[in-house]
Each structure stands twice: as C-alpha cells, then as structure tokens.
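Let me begin by presenting the structure, written as structure tokens, before commenting on it.
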Amino acid sequence: MTTENKATVEAAKKAALEVLLHNAHGPYHGLPRTAGWGYPEPYTRDLMISILGIAVSDNPELMASMRKVLETLASNQTERGHIPSLVHDTEDRGSSDTTPLFLFAVGVYRKMNNEADFLQEAVQKALTWMEYQSPSDRYLVAQQPTSDWRDEQWVLGYGLFVNTVVYSYLRLLHQHARADQVRQNMSRFTITSGVIHHHAHEGLVVKHKPYFAFWSYKIFSSERFDLLGNSLAMLSGIASPTRADEMVSWIEAECAQMQASGELVLELPPNFFPYIHPEDHDWHVRYTEYNMPGEYHNGGIWPFICGFYVAALVAAKRFALAEEKLLVLTQCVKLSNTSSLEFGFNEWIKAQDGKPRGQDWQTWSASMYLYAAKCVETKSTPFFDEMRSNTLKASTL
C-alpha cells in the first residue's frame, strides 16, 4: 500500500472511531445510538455486529459501552431466552437474528476480556431458545419473512445469514459438535426436483455454483446471491478454502458484468444480486416503495457488508484484492448526505448511481470499516481465524 493510501486509510479509521464515540451514548438510558442523527434508538442487531470493530479498536470507552449493551440485553431477555430487537425494550420482539447475534457478540466479548463465564445464565437460555427454532428439531434454524436485518425482504425458512451466525456463535462458545452438524446440514443441496424423498433434507448448497443459496425450505429456495451470508460462510470456514477462492472469483466476475451493463457503478459488490424485478416471481408489491432494483435490500451497496467482504477476502488469502477493495471502501465511506462531513459512513448506496441513500454516521458502517482495515493490515481475521482452524480440523476427522 502506498504512503498516500496508508494516510487515507488512517484518516478513515480516525473518523470511524470518532463516529463510534459520538454514537456511544444516546437518549435511551445512555445506550449507544444506531446512527449519528437518524437512528437514536439502540437497535440490537446493529450494535451486536459493531462489536467486531469495537473489539479491534481497543478503546476502553467503547468496550465499556458494549458491556452495558450486553448486560442490558441479558436483563431484557424473555423468560424463554429470546433477545429483543431494541436493547432497552423488552416488548420489541420477533427478530430471527437478534438472539444469534447476541450469542455471537457475547462469544467475542468473552475472548476480548478473557471472561469465560460472562452472562452465562443468559447465554444458556439463548442457546436453548435457538435449539427450538428448528422446525425439524435438527440443527438448521428457520425464520419468518422480514424477520432478520432484511426487514423489507422475504427470507423464508432456512436463511443463509442467520445460520452462518448460528455456526459462528457455536464455534465461539465451544459448542463444536453442534457446529459440525450445522455445517453438515448446510452442505446439502437445495431441493430442485419439486419432490422431497423419504429422509431427504434440504440444504444451502447450489448445484454448479460456488456460493450458498439465499434461503431454502423444503422444495422452495432462492438461489440469488447474499453477500453478507456468503462472506460469513467464508470467514467462519463453512465454505472450504477451495470454495471460498472460487466464490471470490465468481463474485468479481459477476460484478464486472453488472458494471458493463450499467447495473453497478462502484467497484464494490451489492449486498444482493441478481436484483429482483417487478416481473420476477419473487417480487412483492411492497418492494415498489422500499426495495426497487439496486436499492436498499434489493441490491444496495452497504458499507458494513462490504467490510465483511473485505475480511472474507483476507480469509480466502486474496490479500491484494482485499487491499484494493479496502481502498474503494475508504472512498465509499466518504459519501454522505451532509455536505459538511468529510466521512459520511452512510447506511447504504444505490448501486446504479453510487449516491448515498441512508443515514450518515451509521454505527455498523464505521465499526466494520475498522474491522476490515485491521484484517488487511494484519492479514488475519480476528475471532474467525480460530473458527476456520476448528472447521478444518473437524472436516479432516
């Protein structure tokens, strides 16, 4: 990396830390806010994901803030173990990803602070809750549409993203036998014949493609590409090193085609593609208002997800490409809806014109930039390196 590029990355890291410190104390019980001005509420999923950047920042104020978030979530956990969608609101329930993300974040926090029993009672309740989320009483967990971070997009049944988080927290919490079963179940093919044979169970592997399906349930599935879920699959080791390398090449080739056709202007992958169009069978009328092609969950570029992708490139040992994409992401996080900001850390960007459309100073955008930068600098992926090592050990037994 050139001296000039290093200086640009350092400036972005400094700005990201400023965003996180600004957002660390919001109007709800002093809990962090989700964005600098737009989202004052402490959204659970955003804050749980932000632990990765906070962990590598080594900032004591942010560490203390995250501890408060985790302890508040534990105190607001339901009797049966579910974690609410808002940290401070016990009645805001129904998300499929908040409980697994809580378990993931506790696992990271325990490693950060060498506290093996931190929030053990809440963790045990949450683990029990998650075991009951499997309709077949096996290992993959299922969800209702619009219940994960994609609150304006349908994910039915066994969603890739949620199950990659499940796998990751199981490894972090040393639940290795169950993690092996999750990976084994995910490694089955999706069912495309229209018939479920006796003892046949659906998985998330797509025939003749290197990536995992968006979701799958019985004879139904979506084989569109989910960048966040597949990045986590590469980071955690669910995707083998060979599959991860092939997946990266496929992503880059697909993005080059989208750039050539005018569907993508930035050199970063959309969160989801191919985009869903009104004439497609999986289009929903509500998408007209919130999810047009190349926007929001239907193909918008999300800096926090691109941070995961940069980290996944490091995990796949594509170091030169990871550095290249980090520099593109550095320019991307400058975009804002507020002209006075040098760095916007915006929520999401429209794929076809590269213009920011979400809220500025988004907590998870800033946090995942810090994490991505750390991965590129060290050629490692904190908290995931050991996970992939354990996966490789399990696969060779």
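For segment 224-282, what are the residues that are among the β-branched types (Val, Ile, Thr), closer than 14 Å to Arg388 by Cα and part of a loop (DSSP other than H, G, I, E, B)?
Ile238
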Of all residues in segment 41-84 being closer than 20 Å to Val108 by Cβ and charged (D, E, K, R), which is farthest from the chain's Cα centre (by Cα)?
-> Glu61
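Residue by residue, here is whether (1) buried (at least 21 other Cβ atoms within 10 Å of the Cβ); (2) under 28 Å from Ser380 (Cβ atoms) holds:
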site: Val265; (1), (2): no, no
site: Tyr296; (1), (2): yes, no
site: Gly299; (1), (2): yes, no
site: Trp302; (1), (2): yes, yes
site: Tyr309; (1), (2): yes, yes
site: Arg357; (1), (2): no, no
site: Asp360; (1), (2): yes, no
First in segment 369-382 and closer than 14 Å to Leu327 by Cα and of a type in the set (Asp, Glu), second anywhere and part of a helix (DSSP H, G or I) and at pLDDT 95 or above, Cβ under 9 Å, 6 or more apart | Glu377/Val9
In segment 46-61, the residues that are crowded, with 23+ Cβ neighbours inside 10 Å and either charged (D, E, K, R) or under 19 Å from Phe118 (Cα atoms) (or both) = Asp46, Leu47, Met48, Ile49, Ser50, Ile51, Leu52, Ile54, Ala55
Pairs under 6 Å by beta carbon, first residue surrounded by fewer than 16 Cβ atoms within 10 Å (Cβ to Cβ) in segment 125-148, partner small (Gly, Ala, Ser), six or more apart or different chains?
-> Thr128/Gly81; Pro135/Ala142
Of the residues in segment 265-282, those that are more than 19 Å from Lys209 (Cβ to Cβ) and touching a Pro at 6+ places or on another chain (Cβ under 7 Å) come to His277
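Name the residue, out of Gly307, Gly344, that is free of Cβ contacts under 8 Å to residues at least 40 places away in the same chain, small (Gly, Ala, Ser) and either assigned to a helix (DSSP H, G or I) or touching a helix residue (DSSP H, G or I) at 6+ places or on another chain (Cβ under 9 Å) (or both).
From the options Gly307, Gly344, the qualifying one is Gly344.
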Can you confirm whether segment 19-40 contains a residue that is under 23 Å from the mean Cα position of the chain (by Cα) and of a type in the set (Phe, Trp, Tyr)?
-> yes
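For the condition within 24 Å of Ser236 (Cβ to Cβ), out of contact with any Pro (no Cβ under 9 Å at 6 or more places or on another chain) and either in contact (Cβ under 8 Å) with a residue 60 or more places away in the chain or not hydrophobic (A, V, I, L, M, F, W, C) (or both), what is the one hit in Arg45, Arg67, Arg80?
Arg45
Would you please name the residue that is surrounded by the fewest Cβ atoms within 10 Å (Cβ to Cβ), looking only at residues in segment 85-98 that are assigned to a loop (DSSP other than H, G, I, E, B) and within 18 Å of the chain's Cα centre (by Cα)? Outline the logic, then answer.
Our first condition is that a residue be assigned to a loop (DSSP other than H, G, I, E, B); within segment 85-98, this holds for 85, 87-88, 90-97.
Within this subset, residues satisfying the condition of being within 18 Å of the chain's Cα centre (by Cα) are 85, 95-97.
Details: Ser85: 19, Ser95: 25, Ser96: 23, Asp97: 26.
The residue in question is Ser85.
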Residues of segment 204-253 that turn out to be more than 13 Å from Phe161 (Cβ to Cβ), of a type in the set (A, V, I, L, M) and in contact with a Lys or Arg (Cβ under 7 Å, 6 or more places away or on another chain), as a count = 2
Regarding Arg67, is this residue in a loop (DSSP other than H, G, I, E, B), in contact with a Phe, Trp or Tyr (Cβ under 8 Å, 6 or more places away or on another chain) and surrounded by fewer than 19 Cβ atoms within 10 Å (Cβ to Cβ)?
-> no
Taking segment 1-38 and keeping residues assigned to a loop (DSSP other than H, G, I, E, B), modelled with pLDDT of 95 or more and in contact with an Asp or Glu (Cβ under 8 Å, 6 or more places away or on another chain) leaves Ala24, Gly26, Tyr28, Arg33, Thr34, Gly36
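The values are calculated or read from the model by the stated rules, or taken from the named source; none is laboratory data. This is a predicted model, so every value here is computed, not measured. Cβ coordinates were reconstructed from backbone atoms using ideal geometry, including for glycine residues, and neighbour counts include every protein chain displayed.
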